[in-house]
Amino acid sequence: MREKFQRFYHCLAQPLQFRSRILLAVLAIPLALVFSAPLWTLSMQAPQYPEGLHLHIYAHTVTGDVAEVNTLNHYIGMQAINRATLSDLDWIPFAVGVLILLLLRVAAIGDLRSLCDVLVLFLYFSAFSMARFAYRLYVFGHNLDPSAPFEVEPFTPAIFGTQQVANFTITSLPAGGSMWIGLFAIGLLSAVVWNFTANWRENPAAGRGAAAPVGSR
């Protein structure tokens, strides 16, 4: 068991395969394209809105039928959608920028350990963002003004899928920006698996202190 751990840590300290460095540099493109498309879309269908109302949530802003949705929100006592209530979006561009810089650094001079660090940071960033999104929707649906013209039961807007609220059918689904993040995640995980498998295969005796062939990189 001790030898396996030594071999594992030895693999982490190895430089990255050259082709995977190229892959990591290319992966900065889909990460940057996160800003070009909405991460999430919310659609509201009702008889009085035959074409529906749509909100497009980007990494830095929200577009679509914001004014109309805010009018409806006022009648049920829900908070308006504005920069104050969407302050969570302020840090997302900064986080994406940091990920791009770290990714390019690893592609240039990193080893497998630093690549794993980027993967862990990305997973934390993704999980935290989704948790904050769910929390923000919960606050929107539960922090209702009791003096609003219409009274509705507190609710949590759909995070994923379809939900009925009064006479509105609300659908919440990931959009193009999330697809770019998914592509980045697949590429990043592939690079980690690729390098670890190659290092493990090329260094069978590392745990016993024997010289380990490096192989072509």
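Being of a type in the set (Asp, Glu) and touching a His at 6+ places or on another chain (Cβ under 9 Å) is a description that applies to Asp65. In segment 91-116, the residues that are touching a residue at least 12 places away in the same chain (Cβ under 8 Å) form Cβ pairs under 8 Å with partners that are part of a helix (DSSP H, G or I) and among the aromatic types (Phe, Trp, Tyr), at six or more places apart or across chains, as follows: Pro93/Phe35; Ala95/Phe125; Val96/Phe35; Leu99/Phe122; Leu99/Phe125; Leu112/Phe196. Here Val62 clears all of (1) touching a strand residue (DSSP E or B) at 6+ places or on another chain (Cβ under 8 Å); (2) open to solvent by 40 Å² or more (accessible area, probe 1.4 Å); (3) of a type in the set (A, V, I, L, M) except the condition numbered (2). When restricted to residues that are open to solvent by less than 30 Å² (accessible area, probe 1.4 Å) and assigned to a strand (DSSP E or B), segment 145-178 contains 5.
A single member of Arg113, Arg105 is under 30 Å from Ala198 (Cα atoms), among the charged types (D, E, K, R), more than 21 Å from the chain's Cα centre (by Cα) and exposed (fewer than 14 other Cβ atoms within 10 Å of the Cβ), and it is Arg113. When the test is whether a residue is open to solvent by less than 30 Å² (accessible area, probe 1.4 Å) and out of contact with any Pro (no Cβ under 6 Å at 6 or more places or on another chain), Leu55 passes it.
Does Ala198 satisfy the condition of being in a helix (DSSP H, G or I), open to solvent by less than 30 Å² (accessible area, probe 1.4 Å), within 30 Å of Glu3 (Cβ to Cβ) and modelled with pLDDT under 85? Criteria met by Ala198. Looking only at segment 152-203, residues that are of a type in the set (Ser, Thr, Tyr), without any contact (Cβ under 8 Å) to a residue 40 or more places away in the chain and touching a Ser or Thr at 6+ places or on another chain (Cβ under 9 Å) come to 1 in all.
Condition check for Tyr124 on (1) under 30 Å from Arg7 (Cβ atoms); (2) surrounded by fewer than 13 Cβ atoms within 10 Å (Cβ to Cβ); (3) more than 20 Å from the chain's Cα centre (by Cα): one failure, at (3). Quick check on segment 65-97: of everything there that is among the charged types (D, E, K, R) and in contact with a Leu (Cβ under 7 Å, 6 or more places away or on another chain), which residue is least open to solvent (accessible area, probe 1.4 Å)? In this case the residue turns out to be Asp65.
Here segment 35-52 is the region considered, the condition is being farther than 26 Å from Gly97 by Cβ and among the polar types (S, T, N, Q), and the residue that is surrounded by the most Cβ atoms within 10 Å (Cβ to Cβ) is Ser43.
The values are calculated or read from the model by the stated rules, or taken from the named source; none is laboratory data. Remember, predicted model here, so these are calculated numbers, not experimental data. In this analysis, Cβ positions are derived from the backbone assuming ideal geometry, glycine residues included, and neighbour counts consider all displayed protein chains. Side chains are part of the model used for accessible areas, which takes the heavy atoms of the whole protein and leaves out ligands, DNA and RNA. Shrake-Rupley method; radii C 1.70, N 1.55, O 1.52, S 1.80 Å.
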